[in-house]
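Down below is the structure, laid out as structure tokens.
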Amino acid sequence: MRSLVREQALRPADLVLPMFVREGASENRPISSMPGVVQHTMDSLVRAATEAVERGVGGLMLFGVPEHKDALGSGASDPEGVLNQALARLRFELGDSTVIMADLCLDEFTDHGHCGVLDERGRVDNDSTLIRYREMALAQAEAGAHLLGPSGMMDGQIAAVRDALDAEGHLDVALYAYTAKYASAFYGPFREAVGSSLQGDRRTYQQDPANGREALRELELDVAEGADLVMVKPGLPYLDVLRDVAEASPVPVGAYQVSGEYAMVEAAAANGWVDRDRVILESLLAFRRAGASTVLTYYASEVAGWFAGGLPDHLREFL
Ligand code: PBG
């Protein structure tokens, strides 16, 4: 009877797997604060991505870990840069069998670790950053990305990137806007995952955890500027924001279960304090209940595998 009246369900196709690829790596590097997640080599990226797609995940979100960084984040727009190379390789291997996404942000590529370029006083300069985002967007589109995820929270970034794509004929490359992205301590393990060089924080461009209303203003702006999907991030601590955005949004809404959320589940599970698999499915279901069409989660491939194999007995309550 519980199954008969259940309101929400999980489908592998709703899940997006974020993946890290490291330039010049000859073997995988584990990320200590995210047990089970690695910085991939190009070949292991292809293997893991292929497996995830075979299990039915809806998409892959790629992050690059470059060998060299500079003030402008040159590697981000270089066709030979690690992220663009990985996009090209995945598009070649996987074609249109899944949605290939790229994080569109400079922080992995800048030596100061900020999401944009800095002015002479060391502050992030919004409008010169947009010029770099346009260049980065074109490089990602040319490499074969289907869906670009501008995640820098710069004002006007969606309009700028859409304009650059349209001007070069990339009419069918879509935008997944990180619309309501909070200045969050839950991104902690991600810093290790991408070898971030950030000193300080991103409070001048990411949202204040105290505020909900401005998420709706960001939504209005991103939709007007041409966003095709919008995202709320982090996930579980912001389900109220997700619900508000989902109710107001004319386009599909996603949520990102971020690195710190993953790390907390893994740490508690390793201590035997929670039932890992059930906690994972319960949290993913919570995103669906709050209104997310898609969920970005480091568990995407593993969970898709559970469904592909028919859920094991202890998880059948989720069918
Ligand atoms: C920015 C970006 C970040 C994350 C995704 N894209 C880091 C930040 O904004 O500080 C965090 C993802 C996670 O913590 O899992 N490129």
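The values are calculated or read from the model by the stated rules, or taken from the named source; none is laboratory data. Not measured: the values here are computed from a predicted model. Using ideal geometry, Cβ is built from the backbone for each residue, glycine included, and neighbour counts are taken over all protein chains shown.
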Margin query: Among the residues in segment 156-164, are any within 13 Å of the ligand (Cβ to nearest atom), farther than 19 Å from Ala86 by Cα and at pLDDT 95 or above?
Written below: yes
Next item on the list: Identify all residues within segment 219-246 that are assigned to a helix (DSSP H, G or I), within 16 Å of Met153 (Cα to Cα) and under 18 Å from the mean Cα position of the chain (by Cα); write none if there are none.
Entry: Leu219, Asp222
Margin query: What's the total number of residues in segment 177-186 that are over 21 Å from Leu229 (Cα atoms) and surrounded by 22 or more Cβ atoms within 10 Å (Cβ to Cβ)?
Written below: 1
Check: Failed condition for Ala183, given (1) within 11 Å of the ligand (Cβ to nearest atom); (2) closer than 17 Å to Met101 by Cα, with all others met?
Finding: (2)
Next item on the list: Take segment 275-319 and flag every residue that is surrounded by fewer than 17 Cβ atoms within 10 Å (Cβ to Cβ), in a helix (DSSP H, G or I), at pLDDT below 95 and not aliphatic (A, V, I, L, M).
Entry: Asp313, His314, Arg316, Glu317
Check: Going by the structure shown, is Gly291 away from the ligand (no atom under 16 Å from the Cβ), at positive phi and more than 17 Å from the chain's Cα centre (by Cα)?
Finding: yes
Next item on the list: Could you grab the pairs with beta carbons closer than 9 Å, sequence gap of 6+ or different chains, first residue in segment 249-268 and without any contact (Cβ under 8 Å) to a residue 60 or more places away in the chain, second one of a type in the set (Asp, Glu) and more than 8 Å from the ligand (Cβ to nearest atom)?
Entry: Val251/Asp222; Val251/Asp228; Pro252/Asp228
Check: Within the bounds of segment 256-264, is there any residue that is within 16 Å of the ligand (Cβ to nearest atom), in contact with a Ser or Thr (Cβ under 6 Å, 6 or more places away or on another chain), among the aliphatic types (A, V, I, L, M) and modelled with pLDDT of 95 or more?
Finding: yes
